[in-house]
Amino acid sequence: MVSAEPFPPFNTSAEPLHSAAEQNNTARRRPRKSSGLPAEIRAGDTGAPSLHASLASLQSSSPSSTSKLSTIDANTKKGSKRRKARSLLRRCKHYVIKHTWILPLVILSFIGLAYAVNPTESNPVNHFIFLSYKLPLEPGADPSSPAQYGKGLWDVAFVSFYTVVLSFTREFIMQELLRPLAKKAGLKRAKQARFMEQLYTAIYFGCLGPAGMYVMSHTPVWYFNTRAMYEDFPHKTHAADFKFYYLFQAAYWAQQAIVLLLGLEERRKDFKELVGHHIVSLALIGLSYRFHFTYMGLAVYITHDISDFFLAVSSILLDWKCCVWALLLTESSDRLPRLSIISITGRLDLISLFSCVFGLTCGIT
């Protein structure tokens, strides 16, 4: 019988277990990294420069660093100034585009200042503001007779100055006075521009028409006396009021041509015909003044002004009739009977028709 190996005796002590756990922990523990310090540590050996050396290096490098900082500050200040200047220019440009009467006003201000420096006839700016070529009285003439004026190239300067004046008055009146009126009248935005243009035309011709009749009353061609237009031809000299009226009207038509060229008015269907009309008008004005047909030109001015006044009024009343209809039907329909509404609009139609017919009649005759 084979002898069995005896089973080892059971050990009740916990020492073997602790020793095995300690062996496992030491086996799994990471090795400790060695430090960068040398084996022998000496006090003060840090590898950094001393305080005196660092101060010396800072003092040696401080001029270059301060110069760099100053150049950076100067560049930032220049950049901020440029941005402010650009923003200011943008604001001025936007304001001038929105208020188109500013630029003519600036031009007129410079001309006024140039004249104020030397307000005499020797100043060349005097020819822009006042009439030129004043003639002395003839020997034996009545001292109370009005002074006569000749013609010359300085009259072009006079026309150019008052072209700027009329540009300012047109834009200022339309934007600052007539636009609020068009808004209060309840006109739509599309009709406001046309309404303002026609109302300004009526205001201008309403003033210049009577002025032309006044000038004509002091001439031999009073009330369209055609015979006097040819008597004593050529008429090379004129009184001050006649010459001023003639050249001022030339400035108006020159200003209207500029309005068409710049596109300040909305283009209509007859835009090409209107451009041709202005070209022919300017040519007639210039040639009649140059070749001394001014008495005929005066009659044409007055006829055109009166007819255009009534045509503009008829156009205004047509637009105003629409506003009256809208106002009465929306706000006053409960208070006013329908008969009064019809009578008001009917009267506007009659006045508009009468103005249109009268204007066309004046233009044809």
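Values in this text are rule-based calculations from the coordinates and carry no lab data. Values in this document were obtained by computation on a predicted structure and should not be read as measured data. Note that each Cβ is placed from the backbone with ideal geometry, even for glycine, and that neighbours are counted across all protein chains shown.
Taking GluC sites (Glu not before Pro) across region 163-240, the ones in a DSSP loop with at most 15 further Cβ atoms lying within 10 angstrom of their Cβ are 231. For trypsin sites (Lys or Arg not before Pro), the sites in region 188-268 that DSSP calls loop and that have at most 15 other Cβ atoms within 10 Å are 188, 236, 267, 268. Database remark: amide H of residue 238 closer than 5 angstrom to the amide H of 149 (H placed geometrically; neighbours at sequence offset of 5 or more, or on other chains; Pro and chain starts carry no H).
What FRET efficiency, computed as 1/(1 + (r/R0)^6) with R0 = 41 Å and r the Cβ-Cβ distance, is obtained for residue 190 and residue 137, rounded to the nearest 0.05?
Taking R0 as 41 Å, the efficiency between residue 190 and residue 137 is 0.10.
With neighbours defined as other Cβ atoms within 10 Å of a residue's Cβ, the residues 238, 277, 304 order from fewest to most as 277, 304, 238.
Along region 214-229 the Karplus relation, 6.51 cos²θ - 1.76 cosθ + 1.60 evaluated at θ = phi - 60°, assigns HN-Hα couplings of 5, 5, 5, 5, 9, 10, x, 9, 4, 6, 6, 6, 5, 5, 5, 5 Hz to successive residues, with x for each Gly and Pro.
Shown for 310, 161, 271: other C-beta atoms within 10 Å of each C-beta, ranked fewest to most, produce the order 271, 161, 310. When only alpha carbons are used to place a centre, region 173-248 and region 115-131 end up 26 Å from one another.
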